[in-house]
Amino acid sequence: MDAEPAVFFDQVSHAYGSQQVLRGVSLKIERGEIVGLIGPNGAGKSTLLRSLVGILRPDAGSVRVCGIDAVRDSLAARQQIGYAPSETALYHQMTSEELLGFAIAFHPKASLAVGLALLEELGVPRDRRVGKLSHGMKRKIVLAQAVASGGPVIVLDEPTEALDPEARRLVESHLRQEADGGRAVLFSSHDLTSVERLCHRAAFLCRGEIVRSGAAAELAAETGRLLHLELRSPLQEEQLPTRTGWNWQGQAVRWTLQHNDAVEEVLAVIAGLPIAGIRDGGGSLEEVFDALYGAAAE
Amino acid sequence: MIALARQYARGLFWFVCGYFILLEAAMVAAIFYWPKFRDNTPALAKLIPFQSLQDLLTAVQQSGYWPYFAIQQWFKGCSLFGVAAIAFMGSGIIAREADQRTAEFLFSRPVSRRRVLRVRTAVLALAILLPVYLSSISAIWISPAVGERLPWKATLMASSYMACFLLMLIAATVLLSVLSTHQLRAGMLVVGLVLLSFAQYLIQGIDQWSLFATIDVWTFMKIGAGQFPWFRAGCFLAAAAGMLTLAETLLERRTW
């Protein structure tokens, strides 16, 4: 069973009524790998993660966790997963420690000691009622129980949302350690710098489809580089210079050029434009995001 | 399983205490009111407008303490407070998870939805039914204070019959809770349906189709005489089992 990928989505589709949310999504995550799922709101990230933990059944395709069919044998699949939902509404009458104990009580390999140590490290008071904790503190409990579950797969929906920078770094460091120990980590996020720092791979979801997937540097190279221009006077797209592989996005005085050429070459070509300001995209995931979803929005 | 039961029970604890105290207080008050009631029964029977309620008083006039106690404890006390407790506590058994947005957290744990529902229903049933038995048993001890005696066997059999009736209402509430996304809506529906059924009980001609016709004084008179309505109790349990099975099936299919 160890030869099986930790998580394998195969042609997964799902619709909420008439709204198609996932369209034949395929994605494989190996043990020891950290994969970030990126996409705008409504892209289908949470729906995909929920199909792993039995919250919803996909209409088509299969979801496997360590070789176990997550639809047919959802219970066994869930035993492999430490899951942190994006929702931090919890049982407010319980203390942090009680909630942690309850959350991991059903996992065969869970460790309360690991969870409590993580809570302490993150500064969550263990004897305070959950209802009296801040949103960020609740988020930390949700993350701690996912890590403490002990299963080979950790699935996190928006894990760094509402966390302060220090807690974010701590969580990232823990997730790296878990991956080094052979656990697979799959998470969705809008925090692209966090994904860039943490992930071995990123997968971009757009309108229910994975439109790009790979290491951050590879994705940036594939997508091309971006130059953001601010002009002194408005121009139409027809007035802008073009070359093979160039793609202009924007309007009036703000334009973004997607290209694959050396920056010096590009500057020589656009030198005639009334440029007020210019900024190099630098090949980050944010640039990839802009390129992908800017194009999708059009 | 213990973690599930404990988590659900701790949310019910104070409500169960309140429900038991109310049930006990109503029962004690009813017992100590009995001597005054006994002396004024003929006058009261003339004042009551509904035929079905007049019939209850006639039964009290003819047979004394047992029908009086049956009306006070089971027909009125257990059904009134029992239904309120079921609506209040039971309506949230699943709907509260949707209401408070904790459903995703709970149902992503590696525990089957069927088990969650069964454990919670068992805890709820215990929370509702145990006070019924306890208050009935304490009535056996208190009744001699007003010069009356409640037979152990008949009292326990009557409590068991009431328990079967309440189990059916619990199952109906659980089913509504599984179907609902709002606890309040499920609770109001239960209370509304029970009130409707009680109103039906007060209307001559259609009263025999009311749920309350199955727990009226005549039924408890039979139990007091040693004739337990096995068939009707079986129907309550069968209906409860059917509704719980349906609730389990629907919960398995539900998405959040």
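Considering only the other residues whose Cβ falls under 13 Å of the Cβ of residue A:71, what net charge follows from Lys and Arg at +1 and Asp and Glu at -1? Residues near residue A:71 contribute +1 overall. Ordered from longest to shortest, the equivalent ellipsoid semi-axes for region B:4-75 are 35, 13, 10 Å, each the square root of 5 times a Cα gyration tensor eigenvalue. 3J(HN,Hα) along region B:104-109, derived from phi through the Karplus expression 6.51 cos²θ - 1.76 cosθ + 1.60 where θ = phi - 60°, amounts to 5, 5, 5, 7, 8, 6 Hz, with x in place of Gly and Pro.
Residue-normalised convex hull volume from the C-alpha trace of the protein assembly as shown: 202 Å³ per residue.
With only the Cα atoms considered, region B:27-178 has a convex hull volume of 127 Å³ per residue. Each 10 Å bin from 0 upward holds the following percent of the Cα-Cα pairs of region A:225-282: 23, 65, 11. Computed 3J(HN,Hα) for region A:179-185, one whole-Hz value per residue from the Karplus formula 6.51 cos²θ - 1.76 cosθ + 1.60 where θ = phi - 60°, is 5, 4, x, x, 7, 8, 10, glycine and proline marked x.
In a solvent-free Debye calculation with one equal scatterer on each Cα, what is log10 I(q)/I(0) for region B:93-209 at q = 0.16 Å⁻¹, listed in the order of the q values? Taken in order of the listed q values, log10 I(q)/I(0) reads -0.92. May I ask for the net charge around residue B:249, where only other residues with Cβ less than 11 Å from the Cβ of residue B:249 are counted and Lys, Arg are +1 while Asp, Glu are -1? The answer is +2.
Beta bridges from DSSP with both residues in the protein assembly as shown: antiparallel share about 65 percent, rounded to the nearest 5. Relative protection proxy for B:138-144, A:20-26, from highest mean packing down: A:20-26, B:138-144 (other beta-carbon atoms within 10 angstrom). So what is log10(I(q)/I(0)) for region A:7-215 at q = 0.14, 0.16, 0.19 1/Å, when the Debye sum runs over its Cα atoms only? Debye output, listed in q order: -0.79, -1.03, -1.41. For chain B, the spherically averaged projection of the C-alpha convex hull amounts to 13.9 nm². Here the gap between residue B:5 and residue B:181, fully extended at 0.36 nm per residue and compared with their Cα-Cα distance, gives a gain of 61.2 nm.
Under a 5 Å amide H cut-off, with hydrogens placed 1.01 Å from N, residue A:37 pairs with A:187, A:188, A:189, A:203 among residues at least 5 apart or on other chains. Here the contact order of region A:7-215, divided by its residue count and restricted to Cα pairs under 8 Å and six or more residues apart, works out to 30 percent. Across region A:74-88, rounded Karplus estimates of 3J(HN,Hα) from the backbone phi angles (6.51 cos²θ - 1.76 cosθ + 1.60, θ = phi - 60°) give 4, 5, 5, 5, 5, 5, 8, 10, x, 10, 10, x, 6, 6, 10 Hz, Gly and Pro being marked x. The alpha carbons of region A:109-199 give a radius of gyration and a Dmax of 12.5, 36 Å, in that order.
FYI, it's all coordinate maths here, none of it is from the lab. In this text the structure is predicted, and so the values were computed from the model without any measurement. Here the Cβ is made from the backbone with ideal geometry for all residues, glycine too, and neighbour counts use every protein chain on show.
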